[in-house]
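Values quoted throughout were computed directly from the atomic coordinates according to the rules given, and no laboratory measurement underlies them. Fair warning: this is a prediction, and the values are worked out from it, not measured in the lab. Here the Cβ positions follow ideal geometry from the backbone for every residue, glycine too, while neighbour counts run over all protein chains shown.
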Amino acid sequence: MVGLSHTALRQTVASYLPAEARTLAFTEMLSSRRLPTERIGDRPETAFVPQHEPPLVPQLLANEERFIASSLAKLAAMRPAGIDINMGCPVSKALKHNWGVALMGDPRYAEEVVRTTVRHSTVPVSVKLRTGISDDPAYLVEFALMLEQAGAAWITLHPRIAAQQRRGRARWEYVGRVRDAVSIPVVGNGDVQTAGDAIEMLRETGCDGVMIGRASAARPWIYWQVGTALGWPAPQGRTGEPPADPWEEGAEFANALRTFVEAARASFAPADASKRLRFFAHWGSRWLDFGHELWRRIGSARDLDEALAIGDAFFSVPQRMAARTTLAT
């Protein structure tokens, strides 16, 4: 979720949360080597607007005590609900620092990272992980048990191996195995693109919660849809039912786009706001039949006002949204 899970998207999602829902929002990955020299809020990655966002959990790329301690001291300014250690990112930039999923290759080292973070943190510490370097469910369960013993408050599992990145199928049954093995909460992640997917993951795996990633940029109203399925009230300020068919979802994307733009305008400098809008359109529009054209046009916009006009023109013609799309690239 690098470039996506920032305050503008979190505010957009918050506008669709059911009135009685309790959830956590996560930052994009934050470097423990960079945070100590920064002031929180100076970069878009650490900007936050607490009155318009769910409780926030910064996600940390970290493996050394001196950087962990000083990063946590800085992150206190965000009034975090928790701290998340990333042990799932498979990209080379994280791996070369022995961050992300690389930590799953060395359980003793990973255990010390968790214990160190817990020792320096005043809030609960969670771990986001993958199946691992290889497809070994027994190793995954042992690793999860180690995380629990090291002090992790909960685990979020994306059940793909590192080499898959976002390709292939997420093996939800592994979420169930970990859920059965540990006593701390387990959150499932991966291949959740619709409200039905989220409900099915809960039922199939017995997990304690579901993390929704890139689909949040396509249909942020997915949280409203899940809430309706569970019998919760509509989001504050909204009435009736959430979008239910492909054409209604296509129309709602126009509203979400406008909400995103206004949140980005209020939260970022103009150049940063435009950059994040382009990335939002790059991912979110993948579910639209002609989303590539929306992305192309927004990419050429000179400023946010022009981007809004482009969006209004594009959605003046009914647009259809698919239930699922490929996320492999």
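For ARG320, the residues whose amide H sits under 5 Å from its own are ASP289, PHE290, ignoring neighbours fewer than 5 places away on the same chain, with H placed 1.01 Å from N. Let me know the shape class of segment 7-229, please: from the alpha-carbon gyration tensor, a ≥ b ≥ c as square roots of the eigenvalues, rounded when a/c is under 1.5, otherwise prolate if a/b is greater than b/c, or oblate. Note, shape of segment 7-229 comes out oblate. Under 13 Å from the Cβ of PRO243, count the other residues' Cβ atoms, weight Lys and Arg +1, Asp and Glu -1, and hand me the total. Net charge in that neighbourhood comes out at -2. Mind listing the long-range amide H neighbours of PHE48? Cut-off is under 5 Å, sequence gap 5 or more, other chains count too, H placed in the peptide plane at 1.01 Å from N. Under 5 Å from the amide H of PHE48 lies no amide H from a residue far enough along the sequence or on another chain. Each of LYS275 and TYR109 was given a label point 7 Å from its Cα along the Cα-to-Cβ line. The distance between the two points is 3.0 nm. When shorter helices are ignored and each DSSP H run of at least 4 residues is given -39500 (n - 2.57), the per-residue value for the chain at 222 nm works out to -13000 deg cm²/dmol.
With θ taken as phi - 60° and the Karplus curve 6.51 cos²θ - 1.76 cosθ + 1.60 applied, the whole-hertz 3J(HN,Hα) list for segment 106-120 is 9, x, 5, 5, 4, 4, 5, 4, 5, 4, 5, 5, 4, 4, 9 Hz, x standing for glycine and proline.
Go ahead and collect, in residue order, the members of segment 216-251 whose backbone nitrogen is under 16 Å from a label point 7 Å along the Cα-Cβ direction of ASP289. Within reach of a label on ASP289: 245-251. Computed from Cα positions, the angle between helix 65-75 and the longest principal axis of the chain comes to roughly 40 degrees.
Loop-resident trypsin sites (Lys or Arg not before Pro) (DSSP state other than H, G, I, E or B) in segment 131-224 with no more than 16 further Cβ atoms inside 10 Å of their Cβ: ARG166, ARG167, ARG169. Amide H to amide H, with H built 1.01 Å from N, PHE26 comes under 5 Å of VAL57, counting only residues 5 or more places away or on other chains. Toward the positive end of the charge dipole of the chain, with +1 on the Cβ of Lys and Arg and -1 on the Cβ of Asp and Glu, the farthest Cα among SER31, PRO220, VAL13 is that of SER31.
The peptide list 75-86, 230-241, 36-47, put in order of mean Cβ contacts within 10 Å with the highest first, becomes 75-86, 36-47, 230-241. Using +1 at the Cβ of each Lys and Arg and -1 at the Cβ of each Asp and Glu in the chain, identify which of SER316, ALA69, TRP283 lies farthest towards the dipole's positive end. It is ALA69.
Extending 7 Å from the Cα toward the beta-carbon at both ALA322 and ALA266 defines two label points whose distance is 3.4 nm.
Given their separation in residues at 0.36 nm each and the Cα-Cα distance between them, ARG296 and GLU65 gain 78.8 nm when the chain is fully extended.
Using a simple spin-label model with pseudo-atoms 7 Å out from Cα toward Cβ, ILE199 and ALA138 lie 3.8 nm apart.
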